[in-house]
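**Q** Got a structure for you, questions after.
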Amino acid sequence: MKFLAINLILTVIWGTISASFTPANLLLGFAVGALSLWLIRRELKPVTYPIRPLRLVLLLALFIKELAVSATKVAILVTRKKMALKPGIFAYPLTARSDFEITLLANLITLTPGTLSVDVSGDRKTLYVHALDCADPGALRQDIARGFERRIREAFER
Amino acid sequence: MSHLTDLPAWAAIAVCGLLLMGAAMTLIGSIGLLRLPTFYDRLHAPTITTSGGTILVCFASMLCFAVLQSRWIFHEVLIIVFITVTTPVTLMLLGQASLYRHRFEKPQDVPLKQGPHAEKDRE
């Protein structure tokens, strides 16, 4: 019963993907959703963090903006004849605490061209990030802290 | 059996633009993969291809078939979601493996791991 909401969302997704909202098809979608939830029942935990749709949209907008900016930068970089590279790894002190937030942050950093998260320390306080242009690690740290990490914490912190 | 000629001009122009931009990003990513010198650097190039290229091409496909069949189409959103969720994991794993080796062979070049598991990892 706890996962009825998830099941309903899965049903709606089923409906949109198969492009028909007939009752029979929705019922089938509901059954498939229930089956898939049942298959992963041991991993399921009720959602414990609050969901803030507006903040999520802001995070998405920031991601798209960062994507456009850094994709252009890297594109210019690799198409130049002489590549002026100063690659390096820097340690980023994490303020995000939960595993979910850290995973999301690492994923977003990796998806943005030019930066790549490579490792997280055992105590989950430091993220190691490889940057193509690591001439000024301080500025990069500030970019992440003020950009992605702030937005993630706004969206998901309890 | 191509109905692509039925596409109105405004949609055709938008689809072409998206496709060309996506293709250009994919090409740039491939060039980057080819030209960048070290392993870490090379890991950066595919992210342009996956994030930029895939998303743009998927948008082009969505727009094209949504206009042709005059209904909303969401299949490509699934492609985008799966690609954006799985690609970074692969890259991070590769990067982590490489960093592990790097720390082992030339620990002076990279920031060492701190925290409770650090000693165990360094052995």
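The values are calculated or read from the model by the stated rules, or taken from the named source; none is laboratory data. All values derive from a computational prediction rather than experimental measurement. Heads up, the Cβs are rebuilt from the backbone with ideal geometry, glycines too, and the neighbour counts pull from every protein chain shown.
**Q** Using the structure shown, decide if B:Ile48 is assigned to a helix (DSSP H, G or I) and within 11 Å of the chain's Cα centre (by Cα).
**A** Numbers: assigned to a helix (DSSP H, G or I): yes; within 11 Å of the chain's Cα centre (by Cα): yes.
Considered against the rule, which asks whether it is assigned to a helix (DSSP H, G or I) and within 11 Å of the chain's Cα centre (by Cα), B:Ile48 comes out as yes.
**Q** Looking only at the stretch A:85-113, filter to residues that are modelled with pLDDT under 80 and surrounded by 18 or more Cβ atoms within 10 Å (Cβ to Cβ); which one of those is nearest to the other protein chains (Cβ to nearest Cβ)?
**A** Within the stretch A:85-113, the match that is nearest to the other protein chains (Cβ to nearest Cβ) is A:Pro113.
**Q** Can I ask one more? In the stretch A:127-140, what residues are at pLDDT 85 or above and either among the β-branched types (Val, Ile, Thr) or more than 16 Å from B:Phe39 (Cβ to Cβ) (or both)?
**A** A:Leu127, A:Val129
**Q** Could you check how many residues of the stretch B:1-36 are surrounded by 12 or more Cβ atoms within 10 Å (Cβ to Cβ) and either assigned to a helix (DSSP H, G or I) or under 14 Å from the mean Cα position of the chain (by Cα) (or both)? Write out each step before concluding.
**A** Pass one, the stretch B:1-36, residues surrounded by 12 or more Cβ atoms within 10 Å (Cβ to Cβ): B:7, B:11-12, B:14-33, B:35-36.
Still in the list and also either assigned to a helix (DSSP H, G or I) or under 14 Å from the mean Cα position of the chain (by Cα) (or both): B:11-12, B:14-33, B:35.
Going through the stretch B:1-36 one residue at a time, the tally reaches 23.
**Q** Tell me the helices (runs of 4 or more DSSP H) entirely within the stretch A:83-158 that contain at least 3 residues that are closer than 26 Å to B:Gly53 by Cβ and without any contact (Cβ under 8 Å) to a residue 40 or more places away in the chain. Explain how you work it out, then say what you get.
**A** Details: elements: A:99-111, A:137-144, A:150-156.
Counting at least 3 such residues, we get A:99-111.
**Q** Let me ask something else about it. Looking at the stretch B:88-105, which of its residues are within 7 Å of chain A (Cβ to nearest Cβ) and of a type in the set (A, V, I, L, M, F, W, C)? Don't jump to the end; show me each part of the working.
**A** At the first step, the residues of the stretch B:88-105 found to be within 7 Å of chain A (Cβ to nearest Cβ) are B:88, B:91-92, B:95-96, B:99.
The answer is B:Leu91, B:Met92, B:Leu99.
**Q** Does A:Arg153 count as under 16 Å from the mean Cα position of the chain (by Cα) and more than 24 Å from B:Arg42 (Cβ to Cβ)?
**A** Numbers: under 16 Å from the mean Cα position of the chain (by Cα): yes; more than 24 Å from B:Arg42 (Cβ to Cβ): yes.
For A:Arg153, the condition - under 16 Å from the mean Cα position of the chain (by Cα) and more than 24 Å from B:Arg42 (Cβ to Cβ) - is met.
**Q** So A:Ser36 ticks every box in (1) touching a helix residue (DSSP H, G or I) at 6+ places or on another chain (Cβ under 8 Å); (2) modelled with pLDDT under 85 but one. Which box is left unticked?
**A** So the condition that A:Ser36 fails would be (2).
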